[in-house]
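So the structure is just underneath, and the comments pick up after that.
What follows draws every value from the coordinates through simple rules; no lab data is involved. In this text, all values refer to a predicted model and were calculated from it rather than measured experimentally. Cβ placement follows ideal geometry from the backbone for every residue including glycine, while neighbour counts extend to all protein chains displayed.
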Amino acid sequence: MTQQSDTHSIGDEAQIRRITDPIAGAAATIAISEFASQHPELRQGSVTAEIPPPLKWASIIIAGLFTAGAATLAFWLVSSVSSMQVTLARMDERLANQTAVQSEQLKDISGRVTALESYHRQGVVQ
């Protein structure tokens, strides 16, 4: 007999739940809607603000200017680096030529100094 009373109580519980769940849901919905109608400041966050068209156009123009500026900066950097590369190549050529000329001048001066020292030691130029 105890098993039958347990079976009946489970069936009664299911029936009660089927009846009370929709009622509880409806009551919760009504309570929430009443609370929301009494407190309109809570609904302000859910409303999306429309951006005015002049502000949209201004942002588009500013974004376009930034894009053009970035492209111009990139072009300027590329042309500057190219110009620097040409300048450095010219400087390298000049430095190589100058080193060769200085080497010849140093040999010439060294020979003169040697001849001058020899003259002062012996009194005769060889």
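Under conditions of 10 °C and 1.306 mPa s, the range 60-118 yields 101 µm² s⁻¹ as its translational diffusion coefficient, taking Rh as the Kirkwood radius over Cα pairs in the Stokes-Einstein equation.
For the pair residue 60 and residue 114, label points projected 7 Å from Cα toward Cβ lie 8.3 nm apart.
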